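The structure under discussion appears below in the form of structure tokens.
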Amino acid sequence: MLYVSTRGQAPPAKAASTILQGLAPDGGLYVPEELRQLRYSSIEELGHHSYSEQAVRLLSLYLTDFSPSEVAAAVLAAYNLLKFDTEEIVPLRMLSSDLGVLELWHGPTHAFKDLALTLLPHLMTKAAQKLGLEKEIVILVATSGDTGKAALESFRDVPGTRIIVFFPSEGVSEIQKRQMVTQEGENTLVVAVEGNFDDAQSGVKKLFQDPELRQRLEEAGMTFSSANSINWGRLLPQIVYYFSAYARMLQKRIIRHGESINFVVPTGNFGNILAGFLAREMGLPVHKLILAANANNVLTEFIDTGVYDRRRPFHRTISPSMDILISNNLERLLYWLTDGDAERIRQWMRALQEEGFYQIDARTHQRVREIFWSSWASDEATRAAISDAYSRHRYLLDPHTGVAWEVYQRYREKTGDPTKTVILSTASPFKFAGEVLRALGELVAEGQDEFAWLRLLSERTGWPIPRGLQDLESKPIRHHRRVPQEQMREVVEEFLGLKP
Ligand SMILES: *Cc1c(COP(=O)(O)O)cnc(C)c1O
């Protein structure tokens, strides 16, 4: 299986090469030449296997230049009880007969990005071996909070790699920040960038595209790679849990043979929900993919109107990992929905860059609306949702999942659709303990110690504090840098020893 660029101007590449490169050389995103189809009986069969076995089967369909035992080795190094706090890896909690929550936060950093990022270093180092690449891999990451920590934790002390993470000084939670600045590992660097996530992300893009910097890096025996959700190696592992949830529901007779279900996905960069789209295209019976956004509702508007317009104010919300106005992975969706019309993709992406917006054609918009439904939730509605889920089910939602809860209620009201539905829960409520307590009616003052909130939330609800957050308070802070965007390059050069 080969991979092509969404912009059609890069040579086809093998999986190993796409995973190492991240972005295609023409600025597009890599997509597999064709999507594999699963027969219903194979999907049903998955229900008899462990999560790791499900992952090996599904990943192997696309990683055809890896041997099955190489895929299995990577999967077993990622999805095990050292890294995850439950054997199920992604437990499914049915809150009623027609609503389940898929908990994607049992990994080392307690956010869903662990599902892909625990796997990525193993895929990358294996890919480098295959390509005979002797260079040290330097991972550059811009993070809205969760990616950074998950990437640091998975790449730390992996031989042949270094990792540099930039996070926005404005907009990550105190606990997210503490998780990052206490990061251990000789090959890690964490830096705060003044501004919001888009500032950090565009700064990283500039570093990737700086020919002079690349040249000097090559000379020093290193090469850049990306762990951001534009990397195919990030997207692919996310397909697994959509199949897994469905197969388990079938096996437990929560759904009938052939029945379709909905998924509700709290969305930012459009990576998670895109994996749901892929699963659907591969034959998973998905009725609607419900895209939940916060006040940065550029995607909701896009689904309703066919116009993607980033010319709007940026809002800081209580669901910071969704505070994104440029959803990079949307480009892949457009590629598939236009049947691979790279020229049109190039036009739209140029318009986005130059004018700040683009409008898709009526036919493509029609296809978007057949598959997706979207709404958005304010912070206030999100808090109400957290409170609602807790009082009705004694079930805790983090604010991102709270957005999804609210949007799902609205979906039910507006459409009356009785289809059984799974909400993807993307972070542990303890990562946002202060907000969750506030939503439950506790008086938590601004500036109060977030670690006290962890304990309070646990006492009040009886839910245990997750493993990765327990000892955070006592860990020494190892990363202190804070720079404006213009100084990101300097920091990189210094860490990599590129300056005399
Ligand atoms: C990253 C993240 C999201 C958004 O996922 P995308 O793949 O970027 O759409 C939602 N919730 C949490 C907790 C996240 O960390």
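A prolate overall shape is assigned to the range 255-308, the ratio a/c of its alpha-carbon gyration tensor axes (a ≥ b ≥ c) being 1.5 or greater and a/b exceeding b/c.
With a 1.4 Å probe and all protein chains left in place, how much of the accessible area of the range 1-83 comes from carbon and sulfur atoms, in whole percent? Answer for the range 1-83: carbon and sulfur cover 57 percent of the accessible area. About its Cα centre, the range 332-390 has a charge dipole of approximately 180 debye under the convention of +1 per Lys or Arg Cβ and -1 per Asp or Glu Cβ, with nothing else charged.
Taking 16 Å as the straight-line reach from the Cα of K130, the lysines in range (excluding those fewer than 8 positions away in the same chain) are K14. Taking the three principal axes of the alpha carbon atoms in the range 239-343, the coordinate ranges are 46, 38, 22 Å, sorted in descending order. Rounded, prolate or oblate for the range 180-225? Axes are the square roots of the Cα gyration tensor eigenvalues, ordered a ≥ b ≥ c, and the cut-off for rounded is a/c under 1.5. It is oblate, given that a/c is not under 1.5 and a/b is not larger than b/c. Straight-distance candidates among the lysines for linking to K288, with alpha-carbon spacing under 19 Å and chain neighbours fewer than 8 residues away dropped: K414, K420. Over the chain, accessible surface divided per residue gives 38 Å², non-protein components excluded, 1.4 Å probe. With a Förster radius of 60 Å applied to the beta-carbon distance between R412 and S67, the computed FRET efficiency rounds to 0.85.
Using the Cβ-Cβ distance between Q353 and T461 with R0 set to 51 Å, the FRET efficiency from 1/(1 + (r/R0)^6) comes to roughly 0.65. To put it simply, the accessible area of the range 272-421 at a 1.4 Å probe is 42 percent carbon and sulfur.
Once both labels are positioned 7 Å from their Cα atoms along Cα-to-Cβ, the gap between E301 and R481 label points is 3.6 nm.
Using equal-weight Cα scatterers in the Debye expression, the normalised intensity of the range 45-160 in log10 at q = 0.17 Å⁻¹ is -0.92. If you take all other residues with their beta carbon under 10 Å from the beta carbon of V31, and give Lys and Arg +1 and Asp and Glu -1, the sum is -2. Counting charges near S226 (Lys, Arg +1; Asp, Glu -1) among other residues having Cβ under 12 Å from its Cβ returns a value of +2.
Protein heavy-atom surface of the range 101-214, 1.4 angstrom probe: 46% of the accessible area is carbon and sulfur, with nucleic acids and ligands not counted. Each helix, a run of at least 4 DSSP H residues, gives -39500 (n - 2.57); summed and divided by the residues of the chain, these come to -13000 deg cm²/dmol at 222 nm. Determine the sum of side-chain charges near E355: Lys and Arg each +1, Asp and Glu each -1, restricted to other residues whose C-beta is under 15 angstrom from that of E355. Taking every other residue near E355 into account, the sum is +3. Candidate cross-link partners of K83 among the aspartates and glutamates, defined by an alpha-carbon separation under 12 Å and a same-chain spacing of 8 or more, comprise D114, E153.
Please work out the Kirkwood hydrodynamic radius for the range 417-479, using every pair of different C-alpha atoms, and report it in angstroms with one decimal place. When all Cα pairs of the range 417-479 are included, the Kirkwood radius is 13.5 Å. Over the chain, the pair-distance histogram of Cα-Cα distances with 20 Å bins from zero comes to 24, 61, 15, 0 percent, rounded to whole numbers.
Over 28 Å apart at the Cα level, from the set K177/K252; K113/K135; K135/K206, are K177/K252. Put simply, the C-alpha atoms of the range 1-113 give a gyration tensor, and the ellipsoid matching it has half-axes of 29, 17, 16 Å, longest first.
Working note: Karplus 6.51/-1.76/1.60 with θ = phi - 60° gives the range 390-403 the couplings 6, 6, 7, 10, 6, 10, 8, 10, 7, x, 5, 6, x, 4 Hz, where Gly and Pro are set to x.
The values are calculated or read from the model by the stated rules, or taken from the named source; none is laboratory data. Because the structure is predicted, anything quoted here is derived from the model rather than measured. Reconstructed Cβ throughout: ideal geometry from the backbone, glycine too, with neighbour counts over all protein chains shown. Quick note on the areas: whole protein, heavy atoms, side chains included, nothing else; ligands and nucleic acids left out. Shrake-Rupley method; radii C 1.70, N 1.55, O 1.52, S 1.80 Å.
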